[in-house]
Amino acid sequence: MNILENMPSPGDFKVTATDGAARSGILHTAHGAVRTPIFMPVGTVGSVKAIAPDDLDALGAEIILGNTYHLYLRPGDELVARRGGLHGFNAWDKPILTDSGGYQVFSLSELRKIREEGVEFRSHLDGSKHLFTPEKVVDIQLNLNSDIMMVLDECVPYGADHDYTAKSIGLTTRWAVRSLDYYSGIRRANLMFAITQGGTFTDLRTESIRQLSEYDFDGFAIGGLSVGEPKAEMYALMAHTAPLLPAGKPRYLMGVGTPYDIVKGISMGIDMFDCVLPTRNARNGTLYTSLGKINIKRKEYAEDDGPLDPACSCYTCRTFSRAYLRHLYTSGELLSYRLNSLHNLTYFLDLVRGAREAVENGRFAAFMAKVAAAYPDEAAL
RNA sequence: GGUGGGGUUCCCGAGUGGCCAAAGGGAACAGACUGUAAAUCUGUCGUCGGACGACUUCGGUGGUUCAAAUCCACCCCCCACCA
């Protein structure tokens, strides 16, 4: 028999276990496979802030994010291409997913204009104008050589009305189709994911998925959540949306979320997550633990000699006291960013790994109950 | 000893008759952060009261004035330069 027949190729995705709606699986990319459910640390400008690739490896990170908009502006995607793509440039040799700039349509809304053709940004760095078409965004991501390219989309802000959102999902679909058409002419090993939208409207969420799932993307994302809506509403939208996404492809909830959000998403059958919370909050003193959220700057920790999280085996928790971590934060020491980020990423990565193992062992409900106990406010919603 | 400058709420520091419980910064305390314009941002920051407000405060004591952190007198302390 032919060995090649059994060799997985980039884009192959297989669900290997389920427990209720929750599932675990494996996704193959040009830089190796990732086991789902997965949490992807965010490294917008090509670096997971305060953390080196060898640390990421040690934490068990399997895939990280980069951003099209940021890397295009600086240092430039062609410069990165000349250095062997993002992997060659930043010395991370495992999979990389790049966001398209669609989130910047939302977060930098003051600095952009949306047209049928694409989005025109005024650079947040120097004010210069740049037109991001769906095709250009593919080219940039090919230069970065990301393993998973996201199509350009419009991330609709919370509060957008039905009429606006309905028009927006049409635009997002047309952009997605243009991206796929353009890429099919140059198809390489890079995967391409579509992004569904629809704001807070279940009918539009359904319609966006209906339109996009007609096309052969390598995965489907839920976009436009956690943009200011009440958390209960986000959960309701997740619950509505997740089961509608094609079951045979990876399902990616973009930008979400807190530990409980992620476990909740897994319970609904979502496979992939990314979020800046563990790294940003680490730098701002909020640490996630098996005991819940800890604000390490609080005075009550000033003479607390215990570990940050007694259940955590990361370098930070093995080595330092809460009192020391508080001191580092309070003093603005650079080590604070590193140790805090190391811990928060460990917590998120361990959490999702634990969820995957729970699914594989048919014990997901019990696992989720434990996480809910640490985050009762969110679990109550 | 002389001359000049200065002592303001935890710190630095503005304020030189009423608009001053007193700018601004820092510290402190608390909060936020979800496909990163974020090592960022917000709130509190004399005491008591929910608020309107009441009370105490600008080195000390006394005085001028309807009114003083701000003007006057004396005293205490600090700094610079000169002897």
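Just a few scattered comments:
- Wholly within region A:227-297, strands (runs of 3 or more DSSP E) carrying at least 2 residues that are near RNA strand B (Cβ under 6 Å from one of its atoms): A:272-275
- In region A:197-220, the count of residues that are near RNA strand B (Cβ under 10 Å from one of its atoms), β-branched (Val, Ile, Thr) and either surrounded by 24 or more Cβ atoms within 10 Å (Cβ to Cβ) or assigned to a loop (DSSP other than H, G, I, E, B) (or both) is zero.
- Filter result (more than 10 Å from RNA strand B (Cβ to nearest atom), under 18 Å from residue A:47 (Cα atoms) and in contact with a helix residue (DSSP H, G or I) (Cβ under 6 Å, 6 or more places away or on another chain)) within region A:86-136: A:86, A:89, A:91, A:92, A:93, A:96
- Single residue of A:270, A:222 found to be over 23 Å from residue A:336 (Cα atoms) and touching a residue at least 60 places away in the same chain (Cβ under 8 Å): A:270
Per-residue answers, yes or no, for (1) out of contact with any Ser or Thr (no Cβ under 6 Å at 6 or more places or on another chain); (2) surrounded by fewer than 22 Cβ atoms within 10 Å (Cβ to Cβ):
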residue: A:55; (1), (2): yes, yes
residue: A:61; (1), (2): yes, no
residue: A:66; (1), (2): no, no
residue: A:69; (1), (2): yes, no
residue: A:80; (1), (2): yes, no
residue: A:84; (1), (2): yes, yes
residue: A:88; (1), (2): yes, yes
residue: A:101; (1), (2): no, no
residue: A:106; (1), (2): yes, yes
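- Matching entry among A:71, A:65 (being within 14 Å of RNA strand B (Cβ to nearest atom) and in a helix (DSSP H, G or I)): A:71
- Meeting the requirement of 1 or more residues that are open to solvent by 10 Å² or more (accessible area, probe 1.4 Å), the strands (runs of 3 or more DSSP E) wholly within region A:109-151 are A:112-114, A:119-122, A:129-132.
- Scanning region A:298-330 for residues that are assigned to a loop (DSSP other than H, G, I, E, B) and either more than 16 Å from RNA strand B (Cβ to nearest atom) or among the hydroxyl-bearing types (Ser, Thr, Tyr) (or both) yields A:305, A:306, A:309, A:310, A:311, A:312, A:313, A:314, A:320.
Residue by residue, here is whether (1) at positive phi; (2) surrounded by 21 or more Cβ atoms within 10 Å (Cβ to Cβ) holds:
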residue	(1), (2)
A:285	yes, no
A:288	no, yes
A:302	no, no
A:306	no, no
A:310	no, no
A:318	no, no
A:363	no, no
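- Filter pass, residue A:93 being in contact with a His (Cβ under 9 Å, 6 or more places away or on another chain), touching a residue at least 40 places away in the same chain (Cβ under 8 Å) and surrounded by fewer than 18 Cβ atoms within 10 Å (Cβ to Cβ): yes
- Screening the candidates A:128, A:123, A:100 for the property of being under 19 Å from the mean Cα position of the chain (by Cα) and either at positive phi or among the small types (Gly, Ala, Ser) (or both) yields one hit, A:100.
- Which numbered condition residue A:256 fails, given (1) surrounded by fewer than 23 Cβ atoms within 10 Å (Cβ to Cβ); (2) in contact with a Lys or Arg (Cβ under 7 Å, 6 or more places away or on another chain): (2)
- Filter result for residue A:19 (within 16 Å of RNA strand B (Cβ to nearest atom) and not polar (S, T, N, Q)): no
- Filter result (closer than 19 Å to residue A:213 by Cα and either open to solvent by 10 Å² or more (accessible area, probe 1.4 Å) or in contact with a His (Cβ under 6 Å, 6 or more places away or on another chain) (or both)) within region A:162-186: A:166, A:167, A:170, A:171, A:173, A:174, A:177, A:178, A:180, A:181, A:182, A:184
- Selection of first residues in region A:17-32 that are without any contact (Cβ under 8 Å) to a residue 60 or more places away in the chain and open to solvent by 30 Å² or more (accessible area, probe 1.4 Å) and of second residues that are hydrophobic (A, V, I, L, M, F, W, C) and part of a strand (DSSP E or B), restricted to Cβ pairs under 6 Å at least 6 apart or on distinct chains, gives the following pairs, ordered by first then second residue: A:26/A:33.
- Checking residue A:48 against (1) farther than 22 Å from residue A:131 by Cα; (2) open to solvent by less than 40 Å² (accessible area, probe 1.4 Å); (3) away from RNA strand B (no atom under 11 Å from the Cβ), the condition it does not meet: (3)
The values are calculated or read from the model by the stated rules, or taken from the named source; none is laboratory data. Bear in mind that the values here come from a model prediction, so they are computed numbers and not experimental data. Note: ideal-geometry Cβ built from the backbone for every residue, glycine included; neighbour counts use all protein chains shown. Just so you know, the surface numbers come from the protein's heavy atoms only, side chains and all, with ligands and any DNA or RNA stripped out. Shrake-Rupley method; radii C 1.70, N 1.55, O 1.52, S 1.80 Å.
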